Amino acid sequence: MNLLAVGISHRTAEVGTLERLAVPGHTIGKLLDELLECGNVSEALLLSTCNRIEVYAVVEAFHGGLADVTAVLARHSGAEVDQLCEHFYVHYAAAAVEHLFSVAAGLDSLVVGEAQILGQLRAAYAQADEAGTVGKTLHELAQQALRVGKQVHSDTGIDKAGASVVSEALTDADHALGGLAGRRALLVGAGSMGRLAAAHLRRAAIGSVVIANRTAENGERLAATLLAEEAAAADVLLACTGSPVRILDAGQLAGRGRGPLVVCDLGLPRDVDPAVASMPGVTLVDLDTLQRRLADAPITVDAKRAKQIVAEGVRDYLATQRSAEVTPTVTALRRRAAEVVDTELLRLDSRLPDLDDSVRAELTRTVRRVVDKLLHTPTVRVKELACTPGGAGYADALRELFELDPQAAAVVSAPRNVETEHGGGDR
């Protein structure tokens with residue numbers, strides 16, 4: 001299984017670096033297409049959130065795949081690979097599976113246990129599937145990762161408090177303002193994170209909420225008028241638009257003359273100019289702020305149980321994959337045995353043409369039964385052994401001992417060519 005994961009996250013880089021690699025939603029398809037155009041990549045999925053950008057790819061070889069994926073990410077960011085390599089983390093084969101399952105479980109999140117990652121992973125899979133860059137390997141991997149993530153959240157209390165980046169940012173805002181009850185909030189962005197923020201604000205008994213949704217068509221007008229006016233009247237401003245450009249700068253808050261303002265910027269790239277942090281009466285809570293505060297959060301009992309579930313999920317997934325990988329060899333061996341039997345029975349026919357039909361039929365059944373019994377134990381055992389670490393070597397041994405053509409075994413498991421069989425057509 002040549003699965004490669006290449007990423008950058010809050011664990012390896014500050015927001016400034018993450019911003020350079022952030023992928024706006026409307027460009028994800030283009031980036032996936034670029035990945036598939038690479039010579040070493042046959043499948044690709046991109047997971048881009050407010051604190052991580054990761055590519056999961058099925059590659060021909062590790063080094064070639066790594067070079068291709070990092071080159072595409074660097075080209076997208078406008079940087080050289082050498083400038084980003086210290087921030088990249090790389091996982092291969094089983095380690096890549098374990099990493100994705102941990103991500104799906106919320107164990108690698110800025111706020112450990114947050115459940116939003118499941119929806120983000122589901123959306124990433126849907127985008128890759130729509131772009132035609134998901135094949136059998138990534139389909140099975142993503143579905144199993146989602147199942148593991150769901151199990152973690154249903155079998156543990158890792159997200160019992162509903163913790164998320166949004167809730168943590170609003171906790172900081174609550175502390176800075178001495179309470180959110182009765183305050184006025186401006187919420188910029190009405191996507192999934194914006195909806196989550198609105199729910200938290202309602203539970204905090206916020207006095208009023210103004211929701212502004214930025215789009216490409218009205219973004220400039222919104223930033224120039226509505227945002228400046230509403231920000232001047234707000235006590236807390238939470239921005240999470242996914243805009244490729246900043247929508248609020250320090251100048252737009254310069255004339256603000258009322259009480260303290262807490263700005264929660266959860267956008268990647270940033271929605272708000274970091275310079276607002278130096279303005280009198282303004283407190284900035286952003287991803288860097290949260291990263292520093294949450295970096296040393298203790299590991300809970302639920303997180304430990306979640307890790308166990310992830311480990312079990314990885315073990316089951318890899319066992320299934322190893323078993324699937326040996327199946328074509330077993331099938332090829334049985335096919336080879338059947339061909340030998342057929343050849344010998346034809347030879348028997350030519351030597352004993354007058355043999356009684358009932359005797360001939362009984363001989364045929366006997367020979368086939370003997371071959372099946374001889375093959376039963378080794379084929380069952382090789383499937384069992386394939387589920388153990390290093391089990392692929394047993395399939396190699398079978399191919400060597402019985403002189404099976406590796407290409408013939410591969411053909412047994414190859415997917416049908418839909419275009420050839422059905423006369424073409426788009427996926």
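With the alpha-carbon atoms as the only input, what is the per residue convex hull volume for the chain in Å³? Display every interim value, and only then the final one.
On the way: hull volume 77.9 nm³, N = 427.
Taking only Cα atoms, the chain has a hull volume of 182 Å³ per residue.
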The chain, relative contact order in percent, only Cα pairs under 8 angstrom and at least six apart counted: 14
- prompt: What residue among 64, 83, 39 has its Cα farthest toward the positive end of the dipole of segment 2-108, where the charges are +1 on Lys, Arg and -1 on Asp, Glu, each on the Cβ?
  reply: 83
statement: Counting Lys and Arg as +1 and Asp and Glu as -1 over every other residue whose Cβ sits under 15 Å from the Cβ of residue 80, the net charge comes to 0
FRET efficiency, residue 245 to residue 319 (Cβ-Cβ, R0 41 Å, nearest 0.05): 0.30
field: Amide proton proximity set for residue 263, modelled H, under 5 Å, gap of 5+
entry: 237, 283, 284, 285
query: At q = 0.14 Å⁻¹, what base-10 log of I(q)/I(0) does the Debye formula yield for segment 63-187 when every alpha carbon is treated as an equal point scatterer in vacuo?
result: -0.83
query: What net charge do the residues around residue 248 carry, taking every other residue with its C-beta under 9 Å from that of residue 248, with Lys and Arg at +1 and Asp and Glu at -1?
result: -3
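Count charges around residue 186 for me, please; just the other residues with Cβ under 11 Å from its Cβ, Lys/Arg as +1, Asp/Glu as -1.
Working: positive: 183, 184; negative: 229, 230, 235.
With Lys, Arg at +1 and Asp, Glu at -1, the neighbours total -1.
Can you give the Rg to Rh ratio of segment 310-414, both from alpha-carbon atoms, with Rh computed by the Kirkwood formula?
Values: Rg = 17.8 Å, Rh = 15.6 Å.
In segment 310-414, Rg relative to Rh is 1.14.
Would you list 98, 130, 339 from fewest to most Cβ contacts within 10 Å? Intermediate results must be reported in sequence, preceding the final value.
Details: 98 19, 130 13, 339 10.
If I rank by nearby Cβ atoms, fewest first, I get 339, 130, 98.
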task: Excluding residues fewer than 8 places away in the same chain, name every one of the lysines whose C-alpha is closer than 17 Å to that of residue 383.
output: 373
- prompt: When only C-alpha pairs under 8 Å and at least 6 residues apart count, what is the relative contact order of segment 165-294, in percent?
  reply: 26
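Over segment 165-294, what number does the Rg to Rh ratio reach, with both radii from the alpha-carbon atoms and Rh per Kirkwood? Each step should come with its number before you reach the end.
Numbers: Rg = 13.1 Å, Rh = 14.3 Å.
Radius of gyration over Kirkwood radius for segment 165-294 works out to 0.92.
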statement: If 85, 38, 240 are placed from fewest to most neighbouring beta carbons inside 10 Å, the sequence is 85, 38, 240
- prompt: When the chain is fully extended, how far beyond the present Cα-Cα distance does residue 199 get from residue 366, taking 0.36 nm per residue of separation?
  reply: 52.9 nm
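Given axes a ≥ b ≥ c from the Cα gyration tensor, I'd like to know whether segment 1-50 is rounded (a/c under 1.5), prolate (a/b larger than b/c) or oblate.
Details: a/c = 2.62, a/b = 1.49, b/c = 1.76.
Cα axes put segment 1-50 in the oblate bin.
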query: Between residue 190 and residue 334, how many nm apart are label points set 7 Å from Cα along the C-beta direction?
result: 5.8
Unit charges on C-beta of K, R, D, E only; dipole of segment 301-382, Debye: 580
statement: For segment 310-414, whose charge dipole is built from +1 on Lys and Arg Cβ atoms and -1 on Asp and Glu Cβ atoms, the candidate among 379, 338, 404 with its Cα farthest towards the positive end is 379
statement: Between residue 277 and residue 297, Cβ-based FRET efficiency (R0 22 Å, step 0.05) works out to 0.40
- prompt: What's the extension gain from residue 126 to residue 396 if we count 0.36 nm per residue and subtract their Cα-Cα distance?
  reply: 93.6 nm
- prompt: Efficiency by 1/(1 + (r/R0)^6): what FRET value for residue 80 and residue 403, r their Cβ-Cβ distance, R0 = 35 Å, to the nearest 0.05?
  reply: 0.10
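FYI, it's all coordinate maths here, none of it is from the lab. These numbers were taken from a predicted model, which means no experiment stands behind them. Methodologically, a virtual Cβ is constructed for each residue, glycine included, from the backbone with ideal geometry; neighbour enumeration extends over all protein chains shown.
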